[in-house]
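Here is the structure we will look at.
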Amino acid sequence: MRTLSRWEPFQGVGSLQEQVNRLFGELSGRTNDESALSTWAPAVDIYETEHELVVKADLPDVDPKDLDIRVENNLLSLRGERRFEKKVSEENYLRVERAYGSFTRSFSLANSVNAEAIQADYQNGVLTLTIPKREEAKPKQIKVNVGVAAAAAAAK
């Protein structure tokens, strides 16, 4: 089975910069609080069916009240924040790899979707947006009559 993956030439640039900054911070003996609370962009899957467009975003540990979902000028925007919980003293952490803080993701929507009827569902850390297509945008099956018109014309 084949999997599709999008080639993004600048994907590693941000992480390379973070690694260099972290390296220099470790060499100087300083710890960078921002590395533990770096910016992040949640992973998103978008797929289309005959009747709708579906957007799924991985948002573990994001409180639904910290989500802001909007559609303006055919632009879908997801905003939110994953907060770093300080229930444990920072000195007790051995490793912090997950990113925290605010995020924003934006996606252009086609005119064929009904932005007024978007439904949002949040379960097990996954936000699912279901965006129905407009009736006129849905594919229509056209029946082909084979030989019927020709036979009727010949009969006259």
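The values are calculated or read from the model by the stated rules, or taken from the named source; none is laboratory data. Everything quoted here is computed from the prediction, not taken from an experiment. Glycine gets a Cβ as well: all are built from the backbone with ideal geometry, and neighbour counts include every protein chain shown. These accessible areas exclude ligands, DNA and RNA; they are computed on the full protein's heavy atoms, side chains included. Shrake-Rupley method; radii C 1.70, N 1.55, O 1.52, S 1.80 Å.
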Exercise. Restricting the search to the range 132-156, which residues are closer than 24 Å to ILE46 by Cβ, open to solvent by less than 100 Å² (accessible area, probe 1.4 Å) and at pLDDT 65 or above?
Worked result: PRO132, LYS133, ARG134, PRO139
For this session: Could you grab me the full set of residues in the range 118-141 that are part of a loop (DSSP other than H, G, I, E, B) and more than 15 Å from the chain's Cα centre (by Cα)?
Result: ASN124, ARG134, LYS138, PRO139, LYS140, GLN141
For this session: Show the residue pairs that are 6+ apart or on different chains and have beta-carbon atoms under 7 Å apart, the first residue being within the range 47-59 and without any contact (Cβ under 8 Å) to a residue 40 or more places away in the chain and of a type outside the set (A, V, I, L, M, F, W, C), the second being surrounded by fewer than 18 Cβ atoms within 10 Å (Cβ to Cβ) and part of a strand (DSSP E or B).
Result: TYR47/VAL54
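Of everything in the range 104-131, what is among the charged types (D, E, K, R) and surrounded by 14 or more Cβ atoms within 10 Å (Cβ to Cβ)? Give them in sequence order. Let's see the steps before the verdict.
Here is the first cut: in the range 104-131, the ones among the charged types (D, E, K, R) are 105, 116, 121.
Of everything in the range 104-131, just one residue is among the charged types (D, E, K, R) and surrounded by 14 or more Cβ atoms within 10 Å (Cβ to Cβ), namely ARG105.
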Exercise. Within the range 38-47, is even one residue more than 15 Å from PHE103 (Cβ to Cβ), modelled with pLDDT under 90 and exposed (fewer than 12 other Cβ atoms within 10 Å of the Cβ)?
Worked result: no
